[in-house]
1. I want to confirm something. Restricting to the range 260-288 and keeping residues that are surrounded by fewer than 18 Cβ atoms within 10 Å (Cβ to Cβ), farther than 24 Å from residue 379 by Cα and out of contact with any strand residue (DSSP E or B) (no Cβ under 8 Å at 6 or more places or on another chain), which single residue is modelled with the lowest pLDDT?
2. Considering 51, 82, which residue is surrounded by fewer than 16 Cβ atoms within 10 Å (Cβ to Cβ), more than 30 Å from residue 205 (Cβ to Cβ) and either within 30 Å of the chain's Cα centre (by Cα) or modelled with pLDDT of 85 or more (or both)?
3. Condition check: part of a helix (DSSP H, G or I) and either touching a residue at least 12 places away in the same chain (Cβ under 8 Å) or surrounded by 12 or more Cβ atoms within 10 Å (Cβ to Cβ) (or both). Does residue 38 satisfy that?
4. Yes or no: the range 291-312 includes at least one residue that is assigned to a loop (DSSP other than H, G, I, E, B), at pLDDT 65 or above and buried (at least 19 other Cβ atoms within 10 Å of the Cβ).
5. Scan (1) surrounded by 17 or more Cβ atoms within 10 Å (Cβ to Cβ); (2) within 20 Å of residue 10 (Cα to Cα) for the single condition residue 146 breaks and write down its number.
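The values are calculated or read from the model by the stated rules, or taken from the named source; none is laboratory data. None of these values were measured; they are calculated from a predicted model. Here the Cβ positions follow ideal geometry from the backbone for every residue, glycine too, while neighbour counts run over all protein chains shown.
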């Protein structure tokens, strides 16, 4: 029995088609608009010296440049359509067939995943349990049993961050000799790795995750009696959002998110929540990107580059403020919050502001500058001299996980 879905995935030619479309919509448009702004500025200065005599060369320049840009745009659009037709015919390798292709798909989904879902759904990643590089059909008991033949009653759920996929947990395995999933499996847990479209709004992903986990619990090969949630960066925020989804009043509908006033059944089994470098109070990097876009918009010559920054997914925009206080922690669960700093400690200006390079320690621990805490009883682990992605496999975190989930 296969452990994965059999639906065809995106092909390399789908990716090339998207690349050609993006080159036309974004890159070429940026070059054209910047060129026009710079040319307009130059001819404006020249007009101050020679007056109307500048008009003929300006008109000729505009006509030649316009013809070049239009020709390139026409070629890119034609290439995109051609790639689409070939991909629809099943020609070329699939992006899911190779780890690098899967990584590329995850990165693109993080950047423009909401746009993909609307315009190119074949490239949009669905929320899914992953095993051996493929989706596991959680609606089929036999598929779950085949994917987890030695399933235990303790399930450790892992969810990646922005632009990542389930392969991220393999990072630095050559240094530590193991991974978090492998270490917990040795302690009797069954690791369940997920993949999500990290470009979608955090709450939307939370609803999808809640529905998925309820299916996993309902159809698990053995009775589940304990669940641990381990999320890196945005993944931890999605897990927070999922735990706040109320149970559907119509279980036979198979969907989560309908408010009945009662927590979803699977949340009662959650004993531990581990958050790795999560921007609970927002990411300084996401905020800086927004400020940068506005600054670039002040000049016509730089405004096109600001539009590139503005073309970011809803998931990225959600990282500006993190997840609001209206998403409370699971009352009976133990929370462990891991923050990293690129400096030795976080008690200095650089470590305190920049944290692990993307998330500050205050945000990762759920606190704001007024001292308000999202997780007042949580255990906080600070890891020095590491970056944001180093938290995916760090000896101190590994030791913490082994202790917390013993």
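1. Residue satisfying both the conditions and the ranking: 288.
2. After ruling out the rest, the residue left standing is 82.
3. For residue 38, the condition - part of a helix (DSSP H, G or I) and either touching a residue at least 12 places away in the same chain (Cβ under 8 Å) or surrounded by 12 or more Cβ atoms within 10 Å (Cβ to Cβ) (or both) - is met.
4. yes
5. Residue 146 satisfies all of (1) surrounded by 17 or more Cβ atoms within 10 Å (Cβ to Cβ); (2) within 20 Å of residue 10 (Cα to Cα) except (2).
Yes/no matrix, rows are residues, columns are (1) in contact with a helix residue (DSSP H, G or I) (Cβ under 7 Å, 6 or more places away or on another chain); (2) within 30 Å of residue 266 (Cα to Cα); (3) not assigned by TED's automatic domain parsing to the domain that holds residue 390:
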site	(1), (2), (3)
59	no, no, yes
86	yes, no, yes
100	no, no, yes
166	no, yes, no
